[in-house]
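Peer 1: This structure is in structure tokens; I'll ask about it shortly.
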Amino acid sequence: KDSPAPDAPGVRYFGPGVHRPGKIEVQSNGSVYLAAGAVVYGSIHARGASNIRIAGRGILDVSPFQRGEGGGAVRLTDCSQVTIEGIVMRDPDVWCCSLFGCRDVTVADVKLVGLWRYNADGIDVCNSQDVEVRDCFVRAFDDALVIKGLKFGANSFDDRPVRNVRFRRCVVWCDWGRAMEIGAETCAPEIADVVFEDCDIVRTTHIAMDIQHGDRAAVRDIRFENIRVEIDQDNPRPRMQRTPEEQYQGALEDRYCPTLLEIVIRRNNYSQDDQRGTVRDVVFKDIEVTGPHVAPSSFRGFDAEHDVAGVTIANLRFNGRTAGNAQEGQLQIG
């Protein structure tokens, strides 16, 4: 309904057909439109821009870039008043759609497919505020819907908190990593008021929902609500490829089952802060799990000062049966 004219001012318009623009830089008050039938081999970047739009029904394909060269399909840094809507993103070289230090962003009705290269996260919201991600399909080969706090040098945004982020009505297929995650990098003053709601996790490998807290942030007021999780009879165990030629050999007879819920505070391989943080007031409500296995869960803090407190589990169901206590929910509390 809101498609621009091909010659509209400030619009980079790609009509039906194949295009090879490489990296596309978007400036303030600019937009990129991929019409239905357009296949655009490239990536979209913006830094310090405001009032920008990336939209359409076409395909943004990052496959020509070697690992680390493309910066993913869409990478926005220190941007505000942003809309990303409707497009298909595929085959990123690294994280697919990422926000760094951004404000007032809406990501709606995008489809992430063909993320087969390792570390191809889906949608990463890093040190950003007032973000809504809704009605998206994300099949990722690493964490799918992610909140992070990053510290990466002099131009880092780790002084900015993560606040007011909503993931709504998304369908997630995670071939590696976590389906819905806060972490593992949590370099920020705080990560607060984050909601995952009314979403379907149709496959996950490591963990369905977790807070993997490796840095200093005060993590608080987090909600996972009305989440439906499917666990298959046979689940491939996560494994790193040792050589480019190595083929995955599944051992389905071991009945591997991914973890359902995890909260953990610990130093990890990605930690940048010297101190650990805390986790407060987390709600898991109306979580429906279907499948032949009861997926385990685990909560554990770092020490008496850097702990996990105020966690509520309300209406956790396995194949329609409510778990009435930690034992029935296969929950380990450290």
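Peer 1: If I filter the stretch 313-334 down to residues being in contact with a Phe, Trp or Tyr (Cβ under 7 Å, 6 or more places away or on another chain) and of a type in the set (Val, Ile, Thr), which single residue comes out as least open to solvent (accessible area, probe 1.4 Å)?
Peer 2: Taking the candidates together, the pick is 313.
Peer 1: Looking at (1) closer than 16 Å to residue 145 by Cβ; (2) in a strand (DSSP E or B); (3) open to solvent by 10 Å² or more (accessible area, probe 1.4 Å); (4) not basic (Lys, Arg), which is the only condition residue 89 fails?
Peer 2: (3)
Peer 1: Go through the residues of the stretch 51-68 one by one and say whether even a single one is closer than 17 Å to residue 124 by Cα and at pLDDT below 95.
Peer 2: yes
Peer 1: What number of residues within the stretch 176-190 are closer than 13 Å to residue 124 by Cβ and part of a loop (DSSP other than H, G, I, E, B)?
Peer 2: 1
Peer 1: Further question on the same structure: Criterion first (open to solvent by 50 Å² or more (accessible area, probe 1.4 Å), within 21 Å of the chain's Cα centre (by Cα) and of a type outside the set (D, E, K, R)) does residue 248 satisfy it? Walk me through it before giving the result.
Peer 2: Numbers: open to solvent by 50 Å² or more (accessible area, probe 1.4 Å): yes; within 21 Å of the chain's Cα centre (by Cα): no; of a type outside the set (D, E, K, R): yes.
Here the answer is no, as residue 248 does not meet what is asked.
Peer 1: OK, next. Mind checking which residues of the stretch 301-310 are open to solvent by less than 50 Å² (accessible area, probe 1.4 Å) and aliphatic (A, V, I, L, M)? Show your work before the answer.
Peer 2: First pass over the stretch 301-310, keeping only residues open to solvent by less than 50 Å² (accessible area, probe 1.4 Å): 301, 306-310.
Across the stretch 301-310, the qualifying residues are 308, 309.
Peer 1: Okay, next question. Condition first: part of a loop (DSSP other than H, G, I, E, B), at pLDDT below 95 and either open to solvent by 10 Å² or more (accessible area, probe 1.4 Å) or touching a helix residue (DSSP H, G or I) at 6+ places or on another chain (Cβ under 9 Å) (or both). Can you find one or more residues in the stretch 156-166 that meet it? Before the answer, list the steps.
Peer 2: Of all residues in the stretch 156-166, those part of a loop (DSSP other than H, G, I, E, B) come to 156-161.
In the following step, the residues that additionally are at pLDDT below 95 were identified as 156.
In the following step, the residues that additionally are either open to solvent by 10 Å² or more (accessible area, probe 1.4 Å) or touching a helix residue (DSSP H, G or I) at 6+ places or on another chain (Cβ under 9 Å) (or both) were identified as 156.
Yes; the residues of the stretch 156-166 include at least one that is part of a loop (DSSP other than H, G, I, E, B), at pLDDT below 95 and either open to solvent by 10 Å² or more (accessible area, probe 1.4 Å) or touching a helix residue (DSSP H, G or I) at 6+ places or on another chain (Cβ under 9 Å) (or both).
Peer 1: List, please: which pairs have Cβ atoms under 6 Å, are six or more places apart or on different chains, and start with a residue in the stretch 30-54 that is without any contact (Cβ under 8 Å) to a residue 60 or more places away in the chain and end with one that is basic (Lys, Arg) and not in a strand (DSSP E or B)?
Peer 2: Within 6 Å, the pairs are 36/57.
Peer 1: Which residue, of 139, 67, is among the basic types (Lys, Arg) and touching a Leu at 6+ places or on another chain (Cβ under 9 Å)?
Peer 2: Details: 67 fails: touching a Leu at 6+ places or on another chain (Cβ under 9 Å).
Sole residue among the options that is among the basic types (Lys, Arg) and touching a Leu at 6+ places or on another chain (Cβ under 9 Å): 139.
Peer 1: Could you count how many residues in the stretch 225-274 are in contact with a strand residue (DSSP E or B) (Cβ under 9 Å, 6 or more places away or on another chain), part of a loop (DSSP other than H, G, I, E, B) and β-branched (Val, Ile, Thr)?
Peer 2: Filtering the stretch 225-274 down to residues in contact with a strand residue (DSSP E or B) (Cβ under 9 Å, 6 or more places away or on another chain) leaves 225-232, 235, 258-266, 268-273.
Checking which are part of a loop (DSSP other than H, G, I, E, B) leaves us with 231-232, 235, 258, 266, 268-273.
From what is left, the residues that are β-branched (Val, Ile, Thr) are 231.
The number of residues fulfilling the criteria is 1.
Peer 1: If you check 26, 18, which single one turns out to be hydrophobic (A, V, I, L, M, F, W, C), modelled with pLDDT of 95 or more and open to solvent by 60 Å² or more (accessible area, probe 1.4 Å)?
Peer 2: On the way: 26 fails: open to solvent by 60 Å² or more (accessible area, probe 1.4 Å).
None of the others qualify; the one that does is 18.
Peer 1: If a residue must be assigned to a strand (DSSP E or B) and either open to solvent by 10 Å² or more (accessible area, probe 1.4 Å) or under 21 Å from residue 36 (Cβ atoms) (or both), how many such residues does the stretch 92-137 contain? Steps first, please.
Peer 2: Residues of the stretch 92-137 that are assigned to a strand (DSSP E or B), as a first pass: 97-100, 103-108, 111-113, 120, 123-126, 129-134, 137.
Okay, now just the ones that are also either open to solvent by 10 Å² or more (accessible area, probe 1.4 Å) or under 21 Å from residue 36 (Cβ atoms) (or both), so 97, 100, 103-104, 106-108, 111-113, 129-130, 132, 134, 137.
Summing the residues that are assigned to a strand (DSSP E or B) and either open to solvent by 10 Å² or more (accessible area, probe 1.4 Å) or under 21 Å from residue 36 (Cβ atoms) (or both) in the stretch 92-137 gives 15.
Peer 1: Sticking with this one: Please determine, by comparing only the residues of the stretch 271-300 that are touching a Gly at 6+ places or on another chain (Cβ under 6 Å) and touching a residue at least 60 places away in the same chain (Cβ under 8 Å), which one is surrounded by the most Cβ atoms within 10 Å (Cβ to Cβ).
Peer 2: 271
Peer 1: Okay, moving on. Among what's in the stretch 194-224 and is of a type in the set (D, E, K, R) and in a loop (DSSP other than H, G, I, E, B), pick the residue that is least open to solvent (accessible area, probe 1.4 Å). Quick ask: steps written out before the conclusion?
Peer 2: Taking the stretch 194-224 and keeping what is of a type in the set (D, E, K, R), we get 197-198, 200, 203, 210, 215-216, 220-221, 223.
Okay, now just the ones that are also in a loop (DSSP other than H, G, I, E, B), so 215-216.
Details: 215: 0, 216: 63 Å².
Taking the candidates together, the pick is 215.
Peer 1: Tally time: how many residues in the stretch 64-81 are at positive phi and in a loop (DSSP other than H, G, I, E, B)? Break it down stepwise before answering.
Peer 2: Keep residues of the stretch 64-81 that are at positive phi, which gives 68, 71-72, 78, 81.
If we keep only those that are in a loop (DSSP other than H, G, I, E, B) as well, we get 68, 71-72, 78.
So the count comes out to 4.
Peer 1: I need the full set of residues from the stretch 1-13 which are closer than 15 Å to residue 85 by Cβ and open to solvent by less than 50 Å² (accessible area, probe 1.4 Å), in order please.
Peer 2: 4, 11
Peer 1: If you scan the stretch 171-193, which residues turn out to be buried (at least 24 other Cβ atoms within 10 Å of the Cβ) and among the acidic types (Asp, Glu)?
Peer 2: 181, 185
Peer 1: State the number of residues belonging to the stretch 1-54 that are among the acidic types (Asp, Glu) and outside any strand (DSSP E or B).
Peer 2: Initially, the stretch 1-54 is screened for residues among the acidic types (Asp, Glu), giving 2, 7, 25.
Within this subset, residues satisfying the condition of being outside any strand (DSSP E or B) are 2, 7.
Number of matching residues: 2.
The values are calculated or read from the model by the stated rules, or taken from the named source; none is laboratory data. If you're wondering where the values come from, they're calculated on a predicted model, not measured in any experiment. All Cβ positions, glycine included, derive from the backbone under ideal geometry; neighbour counts span all protein chains shown. Just so you know, the surface numbers come from the protein's heavy atoms only, side chains and all, with ligands and any DNA or RNA stripped out. Shrake-Rupley method; radii C 1.70, N 1.55, O 1.52, S 1.80 Å.
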